[in-house]
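Since the structure comes first, as C-alpha cells, the remarks are kept for the end.
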C-alpha cells in the first residue's frame, strides 16, 4: 500500500512539474510612440520650489512627444521602465525647425524617467539640439541630440542621448 501511495505522489509531482514548465509568463511588449498635437500647450505646475508636473491645455502651439515603455514581465516585480521626451513650439514656418540649448526652457523641453530607480522623475532639459524636417503631409522627422542632467539633489552624471523618429498627429495621453 505504501508503494502505491508513493507511486501516485511521484506521478502527481511529475505531472504538476510538466504543466508548470509549459506555462510561459505574460510579457508586455516594448512600445515606442512618436506623436504631435497642434493647438496645445504644456503647462508646468511647480511645487516644493524644485519639483513640477505637467498638463496639456488648449493653446496656439504644437507639442511633440516621444514615449518609450520597455518590455515588462508580469511575474517580475518592479521591472517597469518608461521615459518620455517632449517639447512645445510655435507652429513651424516652412518645412523645418531647430531648437537649440538657449531655447530649451522657452520651448519646455522636458524629460521624464519612470522607474524604480534613484534618478527617476521629471526634469527640464537645458542642453542640446532638436531639429525637425517635414517629410510628408502630416509627418515630421525629428532628431534629438540632448543632454540629460541628473535630477535635482542627485549626484549621478549627465548622459547624452541621440535618437530620431517620425512624428504623426495623435493624442499625447494614451
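Values quoted throughout were computed directly from the atomic coordinates according to the rules given, and no laboratory measurement underlies them. Quantities reported herein were computed from a predicted structural model and do not represent experimental measurements. All Cβ positions, glycine included, derive from the backbone under ideal geometry; neighbour counts span all protein chains shown.
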D (Stokes-Einstein, µm²/s), Kirkwood Cα radius, the chain, 0.890 mPa s at 25 °C
129
Take the alpha carbon atoms of the range 76-102, find their center, do the same for the range 128-143, and report the distance between the two centers in whole angstrom.
11
Among 45, 154, rank each residue by its count of other Cβ atoms within 10 Å, from fewest to most, as a rough exposure measure.
45, 154
I need 158, 114 ordered by Cβ neighbour count within 10 Å, fewest first.
158, 114
How far is helix 2-22 tilted, in degrees, relative to the longest principal axis of the Cα atoms in the chain, given as a value from 0 to 90 rounded to the nearest 10?
20
Using a/c under 1.5 as the rounded threshold, could you call the range 76-118 rounded, prolate or oblate? The axes a ≥ b ≥ c are square roots of the C-alpha gyration tensor eigenvalues, and prolate needs a/b larger than b/c, oblate otherwise.
prolate
Final fewest-first order of 81, 166 on the 10 Å Cβ neighbour count is 166, 81
DSSP-defined antiparallel bridges as percent of all bridges, the range 25-169, nearest 5:
95
